[in-house]
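Asks: Have a look at this one before I ask anything.
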Amino acid sequence: MENFYSANSVNNIEALVDKALRLKGDPFGDQNHKGKTALLLFFNPSLRTRISTQKAAQNLGMHAITMNADQGWKWEMEDGAVMKFNTSEHIKDAARVISRYADVVGIRAFPGLEDRDKDYRDEVMHAFMEYAEVPLVNLESSILHPCQSLADLITIKETQTKKKNKVVLSWAPHPKALPQAVSNSFLQWITKTDNEVVITHPKGYELNEEFTKGCTIEYDQKKAFEGADYIYTKNWSSYKDYGKILSTDESWMISQDKMKLTDNGKFMHCLPVRRNVVVADEVIDSANSLVFQQAENRVYAAQAAIHSLLSKTI
Ligand code: CP
């Protein structure tokens, strides 16, 4: 693997999940990259990604440097730009400089949710993959969140009781316009496994078809939940009417009554979550909730990804 940008970066997803589980069983057992440096740049807030990725690097015996990138020089993205306005450093220079300090770089850069074409070009990630001389870990870009999705697959592998599961991705209401990255990414990863995938959301919330290929879209949320083994919940803003909130319908919140329609289904969410808006307390606090296991597995997902990048395996 050269970069950990998306599910398509990984040659063998099952092997990467197994590697993460081996590392979870013995977090400090592999010190082959001891003394190397992971540089983590955050343009946006984070609890899980920031801490779990630092911990992952430290478990491997590495140093982790974290920077609030929004407090650094404003980067120019355009090739050939005459930089006489408000940008101070070209991203190609920043990428090359960082490569002299770090052995692997992680970046979080959210979308603006105003210009769909611009957001879906995922410019920061692609510029780094082009100009940096060290591998990139996508810590959530405008459109993808592979560290989260790998943790989600690890969690499903740990908890599944059937070989093939019915996995439902359910939209839920939220007062703010949120990116599509977690949902796109979950679909990109889960559709590469041997599971049935159903997506449920109000009309107008259809995701980019690149990510929904092979999935069933069911607009009746209760029907979608019938017999499900996993309910993965996430809010996202509209892809078609880009970045807009089209519905705040409270009846889409995940309730215990809806979970009763499932086959003793497990509840999943990437966190942070707005309790009693997205999901009822009784669901997230139930024995069937996997949210803290997902958060814990973020460490081993990042550890497996960083180790594979530095070892040039998987
Ligand atoms: N799930 C997730 O990425 O959490 P943070 O935004 O807190 O990193």
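Asks: Could you check, for the stretch 211-225, whether at least one of its residues is hydrophobic (A, V, I, L, M, F, W, C), crowded, with 22+ Cβ neighbours inside 10 Å and more than 17 Å from TRP189 (Cβ to Cβ)?
Replies: Scanning the stretch 211-225, I find at least one residue that is hydrophobic (A, V, I, L, M, F, W, C), crowded, with 22+ Cβ neighbours inside 10 Å and more than 17 Å from TRP189 (Cβ to Cβ), so the answer is yes.
Asks: Still on this structure, I have one more. List the strands (runs of 3 or more DSSP E) inside the stretch 1-117, counting only whole elements, that have at least 3 residues being open to solvent by less than 20 Å² (accessible area, probe 1.4 Å).
Replies: Of the strands (runs of 3 or more DSSP E) lying wholly inside the stretch 1-117, those with at least 3 residues that are open to solvent by less than 20 Å² (accessible area, probe 1.4 Å) span 37-42, 104-108.
Asks: What is the number of the single condition among (1) more than 16 Å from the ligand (Cβ to nearest atom); (2) open to solvent by 10 Å² or more (accessible area, probe 1.4 Å); (3) not aromatic (Phe, Trp, Tyr) that VAL168 does not meet?
Replies: (2)
Asks: Additional query: With respect to VAL137, determine if the residue is more than 26 Å from GLN221 (Cβ to Cβ), within 16 Å of the ligand (Cβ to nearest atom) and either open to solvent by less than 10 Å² (accessible area, probe 1.4 Å) or in contact with a helix residue (DSSP H, G or I) (Cβ under 6 Å, 6 or more places away or on another chain) (or both). Reasoning before the result, please.
Replies: On the way: more than 26 Å from GLN221 (Cβ to Cβ): yes; within 16 Å of the ligand (Cβ to nearest atom): yes; either open to solvent by less than 10 Å² (accessible area, probe 1.4 Å) or in contact with a helix residue (DSSP H, G or I) (Cβ under 6 Å, 6 or more places away or on another chain) (or both): yes.
Yes, satisfied.
Asks: Also, quick follow-up: Return yes when LYS34 is touching a helix residue (DSSP H, G or I) at 6+ places or on another chain (Cβ under 6 Å), away from the ligand (no atom under 16 Å from the Cβ) and touching a residue at least 12 places away in the same chain (Cβ under 8 Å) and no when it is not.
Replies: Here the answer is no, as LYS34 does not meet what is asked.
Asks: Test of understanding: among ILE231, ILE314, which residue is assigned to a loop (DSSP other than H, G, I, E, B) and either within 30 Å of GLN31 (Cβ to Cβ) or β-branched (Val, Ile, Thr) (or both)?
Replies: That would be ILE314, the only listed residue that is assigned to a loop (DSSP other than H, G, I, E, B) and either within 30 Å of GLN31 (Cβ to Cβ) or β-branched (Val, Ile, Thr) (or both).
Asks: Count, please, the residues in the stretch 43-87 that happen to be within 14 Å of the ligand (Cβ to nearest atom), free of Cβ contacts under 8 Å to residues at least 24 places away in the same chain and under 12 Å from ILE306 (Cβ atoms).
Replies: Count: 1.
Asks: Test ARG108 against the stated conditions and say whether it is of a type outside the set (A, V, I, L, M), under 30 Å from MET268 (Cα atoms) and within 16 Å of the ligand (Cβ to nearest atom).
Replies: Yes; evaluated as a whole, the condition is true for this residue.
Asks: What number of residues within the stretch 178-205 are surrounded by 15 or more Cβ atoms within 10 Å (Cβ to Cβ), more than 22 Å from GLY265 (Cβ to Cβ) and more than 16 Å from the chain's Cα centre (by Cα)?
Replies: Counting residues in the stretch 178-205 that are surrounded by 15 or more Cβ atoms within 10 Å (Cβ to Cβ), more than 22 Å from GLY265 (Cβ to Cβ) and more than 16 Å from the chain's Cα centre (by Cα) gives 0.
Asks: While we're on this one: What is the number of the single condition among (1) within 16 Å of the ligand (Cβ to nearest atom); (2) buried (at least 19 other Cβ atoms within 10 Å of the Cβ) that SER238 does not meet?
Replies: That leaves (1) as the condition not met.
Asks: Under 8 Å by Cβ, and 6 or more places apart or on different chains, what pairs join a residue from the stretch 274-298 that is under 15 Å from THR155 (Cβ atoms) with one that is part of a loop (DSSP other than H, G, I, E, B) and aliphatic (A, V, I, L, M)?
Replies: Listed pairs, sorted by first residue: ILE284/VAL273; VAL291/LEU271; VAL291/VAL273; GLN294/LEU271; ALA295/LEU271.
To keep it simple, each residue is scored yes or no on (1) over 21 Å from HIS174 (Cα atoms); (2) within 19 Å of the chain's Cα centre (by Cα).
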position: GLN256; (1), (2): no, no
position: MET268; (1), (2): no, yes
position: ASP285; (1), (2): no, no
position: GLN293; (1), (2): yes, yes
position: ARG298; (1), (2): yes, yes
position: GLN303; (1), (2): yes, yes
position: HIS307; (1), (2): yes, yes
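Asks: Kindly provide the set of residues from the stretch 255-305 that are assigned to a strand (DSSP E or B) and either open to solvent by less than 50 Å² (accessible area, probe 1.4 Å) or closer than 18 Å to GLN160 by Cβ (or both), ordered by number.
Replies: LYS266, PHE267, MET268, VAL279, SER289
The values are calculated or read from the model by the stated rules, or taken from the named source; none is laboratory data. Bear in mind that the values here come from a model prediction, so they are computed numbers and not experimental data. Neighbour counts run over all protein chains shown; Cβ positions are idealised from the backbone, glycine included. Protein only, heavy atoms only, side chains kept; ligands, DNA and RNA dropped before computing areas. Shrake-Rupley method; radii C 1.70, N 1.55, O 1.52, S 1.80 Å.
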